[in-house]
Amino acid sequence: MKEAKKEEGFLGLKKSNFNFDIKTYMMVIALVGIWVVFTFLTKGTFLTSRNLSNLFRQSVITSVLAVGMVLVIILGEVDLSVGSVLGLCGGIVGILDVWVGLNPFLTIVSTLVIGMLIGLWNGWWIAYRGVPSLIVTLGGLLGFRGVLLGVTGGTTISPLSKAFNYLGSGYLPEMVSNVLGLGLIAYIIYYRLHKRKKKKEHGFEVSSLTLEIIKIVLTSLLVAMFVMILNSYQGIPVLVIVLLVAMAIFTYITKNTVFGRHIYAIGGNEEAAELSGIELKKSKLIIFMLNGLMAAIAGILLSSRLNAASVSAGDGAELDAIAACVIGGASLAGGIGNVLGAVVGAVVMASLDNGMSLMGAPMYWQQIVKGLVLVLAVWFDVATRNKGE
Amino acid sequence: MEYILETKDIIKDFPGVRALDHVSFQVEEGEIHSLCGENGAGKSTLIKVLSGVHPYKSYEGQVLLKGTEQKFSNINEAEEQRIAVIHQELTVFEDLNVTENIFMGNEIETNGIIDWDLMYKKAEKWINKLKLENVNPRTKVKSLGMGKQQLIEIAKALVKDAEILILDEPTDSLTDSETEILFDILNDLRDEGVTCIYITHKLDEVFELCDSVTVLRDGESVGSDKVNNLEKRDIVQMMVGREINQRFPERKTDIGETVLEVKDYSVVDPENPDQFVVKDVNFELKAGEVLGFSGLVGAGRTELVNSIFGAFPGEKSGEIYLEGNKIEITSPKDAINQGIALVSEDRKRFGLIPTMDVKENTSLAALQDFKESLSLNHNQEISKVRDYIDKLNVKTPSIREKVSKLSGGNQQKVVLSKNLMTQPEVLILDEPTRGIDVGAKYEIYKLIQELSKQGVAIIMISSELPEVIGVSDRILVLSQGEIAGEFDNSETRVSQEKIMMAATGGN
């Protein structure tokens, strides 16, 4: 008991409160650090609302892919096909919208279904036929790009209809953004206090009310700043809204559902998970389908943003997505990772790109620095993990 | 007289356990010396000391080779002194061929280039010597049966020109005819002056092959003599003759109706479809009963229970009845839904999710219970986990602690909690106290007792005889996949000798 008391420190905080998600905190700190450095190096241009808005828009595609990819990585697998699936689905949007003239809603639904079917194909080979995911999805990387070339005949399809323009380049009106922001803040307050109350009802110890309020104020401030900064340019980009919704849903799945817990268990120890009554094959199949779905969404968003479907769309995007997950604390060995981290990882990479472009650094430097950051991030992770054990 | 190999007062401690306690042991030159003992008696640990796996200074005492003390800091140094070990688990490289395996680490080279012609020629000689039929130097080891692979291992040791050859239960995976060949080879080697230390718990082999025998029990050497001076009964007595020094909670249970019935149950070896790992097993299990499964390692106990639980890949035949209804179990999920739980013998591999904390591990098998519409009710989960953690007295700083940081005993309790949370009618425990300290063992015995009082039907596999006898109401002994004996243990306790006799195939 004495030792437990020693750990209590500032504001009655326990060390254990920090252990959880410490990696994500570190990532956010690293991200802020990168932003500060770029702000100095670009003499403030980096931190303008216009640039930040661009930065978020640029990071959306990788983020959406990373949100799906992180589940696959937690499962202990990998999906190399998402770049090609993104390209193929983007191409299908072009074909259905421009060549066929289908209405945008049906185009989107059809594309999403195709994305899931592609995921089903990958997942079936991996889960039910025992082919390693690296191989199946490497096959997909080649094959789906081939299908894209075949169906589009290698041409770039444009321009898309207005609805897609709005999706790719539109902004929410200031009013709507404000309402959403306020709504989110209200929800955060309700959620945290409700959670605290429930915990008390169960007789669990809760952190002090002061600490709780500090947490709520800080999160609310963050939300308010986000909305205000984007509003001072043109508003919240529609692309970003799509990402936020996806993040919310996937965070919910991973943290609050039985299925989510099963993903972590399988990634942590497949044999033990199976003996605990978890259906390995079904779970794997579903994860790959979800990842196909996310790749399709990314495809739709990319075509919308470019206002065109091109054959080279999403080339190499799978590697960016994997890098984002890993920078965000996911372990390729499986069992470890989270959605928020993956998105932060994607934003870190987009920040490096964006910042160095502003500085006028040549393309090759961007690649070198991103590569170094990836290795350093994982080294940091490995080094700190070894100490813990 | 001078011994070729001698140990003096070897003490080896593992965290919480003394594996070897003042072991002194002498081997004469040119003999085949058998090292006998129950599972966990310390045989393998002693071998590891002799062969440098446990380096000098990690143990106390002396290892003497021809009268001079040896301080091996690794296996290579032992090999330089011409001590070679053939381990129980095969260490062949399956995808390489016979020659590559035999000469692994001892490749013949000139100026850094491997002399394949010479190696293939020499390998041919070994193949003939070991009477390996239908094997040529280029045969992939993968395509050979377990027995032949074992013989390849022996060739690998002989290539090193060993003076002392240590074999750790080499016949476990051999057929009778392969065993014959092995014995012939060992007899030939003896004639050539090679000294063998032969570890086994099969007494027939001791009498057929060996010159002397040393018996280990609970990490102590309890006796050593020439085989000619001994009878089987003497050795069995030495192996098990301890006072039961662990205390067991008193057993008082009302045994109820039959819960589980297994009829004509056979399981095929998945790697070798012609062989059965479990053959024609019949038994029943009653509510509130503790049924002990005894037998030697490899007797098919683990395969039997895993197969019942739907977790063994080998083809099975036979019928299982739960409360009189025939059930089909094809996966662990089915078994859990039917009310059967299994605590596996290897908790690291089959029990724990190392990346998860105590809470997530504990609730894993019963997560569905905390489902509210789509969500998990975290608070309910935490309450329930805390209940079990308290009830089983798991010592952890917090339920958010990673399981990998707990001690063995506490990890085992977490695995038990996980299984109990599914509220099983039938609880199968496979070596539930392996590798945990005495205190935690007693707590687990108490828990078994308490559960059986609540009417849970329990199967407990254990290789420790006192444990089986101390905890079970009834004991089934398996030998080579078949039931070799059944003992009522409820009124008077069965003697360890009787069980050992049944398990070793004696009478």
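Nothing in this text is a laboratory measurement; each read-out follows from the coordinates by a stated rule. Predicted model, so just to flag it, every value in this text is computed and none were measured. Cβ coordinates were reconstructed from backbone atoms using ideal geometry, including for glycine residues, and neighbour counts include every protein chain displayed.
Values computed for the structure shown
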| quantity | calculated |
| --- | --- |
| Cα-based equivalent ellipsoid of the range A:256-304: semi-axis lengths in Å, sorted from largest, via gyration tensor | 28, 9, 8 |
| Against the rule of thumb 2.2 N^0.38 Å, how large the Cα Rg of the range B:410-483 comes out | 1.10 |
| Radius of gyration and Dmax over the Cα atoms of chain A, both given in Å | 21.7, 73 |
| Cα pair distances of the range B:310-420 binned at 10 Å [whole percent] | 13, 40, 30, 15, 2 |
| Charge dipole (debye, nearest 20) of the protein assembly as shown; +1 at Cβ of Lys and Arg, -1 at Cβ of Asp and Glu | 5680 |
| Percent of Cα pairs exceeding the 44 Å cut-off, where the set is chain B | 21 |
| Contour excess over end-to-end distance, with Cα ends at residue B:258 and residue B:175 and 0.36 nm allotted per residue | 26.1 nm |
| Most to least packed among B:259-268, B:458-467 [average Cβ atoms within 10 Å] | B:458-467, B:259-268 |
| FRET efficiency for residue A:50 and residue A:359, using Cβ-Cβ distance with R0 set to 22 Å, rounded to 0.05 | 0.85 |
| Sorted largest first, extent of the range B:332-376 alpha carbons per principal axis (Å) | 35, 27, 10 |
| Within the range B:167-255, GluC sites (Glu not before Pro) in DSSP loop having at most 16 other beta-carbon neighbours inside 10 Å | B:192, B:231, B:243, B:250 |
| Sum of side-chain charges, residue A:87 neighbourhood, beta-carbon under 13 Å (Lys, Arg +1; Asp, Glu -1) | -1 |
| Computed over the range A:87-191, Kirkwood Rh from alpha-carbon pairs, angstrom | 16.7 |
| Protection proxy ranking of B:144-152, B:309-317, A:35-43 - average other beta-carbon atoms within 10 Å, highest first | B:144-152, B:309-317, A:35-43 |
| Amide hydrogen neighbours beyond the local backbone of residue B:259, cut-off 5 Å, H modeled | B:285, B:286, B:287 |
| Amide H contacts under 5 Å for residue B:478, placed H, 5+ residues apart | B:294, B:295, B:484 |
| Exercise: per-residue mean of other protein chain Cβ atoms within 10 Å, B:351-361 | 5 |
| Charge dipole (debye, nearest 20) of the range B:342-457; +1 at Cβ of Lys and Arg, -1 at Cβ of Asp and Glu | 280 |
| Residues A:84, B:373, sorted so that the one with the fewest Cβ neighbours within 10 Å comes first | B:373, A:84 |
| Shielding by partners - mean other protein chain Cβ count within 10 Å, residues of A:195-206 | 2 |
| Tail beyond 19 Å, pair distance distribution of the range A:144-214 (Cα, percent) | 66 |
| Descending principal axes extents, the range B:39-84, alpha-carbon based, whole Å | 29, 20, 18 |
| Average projected area [Cα convex hull, the range B:174-257], square nanometres | 9.5 |
| Rg to Rh quotient for the range B:23-103, alpha carbon positions, Kirkwood Rh | 1.00 |
| Footprinting exposure proxy for B:488, B:430 (fewest neighbouring C-beta atoms within 10 Å first) | B:488, B:430 |
| Cα pair distances of the range A:228-277 binned at 10 Å [whole percent] | 23, 29, 21, 16, 9, 2 |
| Highest to lowest packing among B:96-104, A:193-201, scored as the average C-beta count within 10 Å | B:96-104, A:193-201 |
| HN-Hα J in Hz across the range A:366-375 - Karplus 6.51, -1.76, 1.60, θ = phi - 60°, x for Gly and Pro | 4, 5, 4, 5, 4, x, 5, 4, 4, 5 |
| Simple label model, 7 Å out from Cα along Cβ direction - residue A:176 to residue B:75, nm | 6.8 |
| Ratio of Rg to Rh over the protein assembly as shown (Cα coordinates, Kirkwood Rh, two decimals) | 1.03 |
| Quotient of Cα Rg and 2.2 N^0.38 Å for the range A:175-271, N being how many residues it contains | 1.37 |
| Theoretical FRET efficiency, 1/(1+(r/R0)^6), r = Cβ-Cβ of residue B:11 and residue B:326, R0 35 Å, to 0.05 | 0.05 |
| Largest to smallest principal axis extent of the C-alpha atoms in the range B:1-136, angstrom | 49, 33, 32 |
| Order of A:73, A:322, B:483 - criterion: other Cβ atoms within 10 Å of each residue's Cβ, fewest first | B:483, A:322, A:73 |
| Ratio Rg/Rh [Cα only; Rh per Kirkwood] for the range B:17-68 | 0.94 |
| For the range B:165-209, size of Cβ-based charge dipole, Lys and Arg +1, Asp and Glu -1, in debye | 180 |
| Residue mean of other protein chain beta carbons inside 10 Å, B:306-317 | 1 |
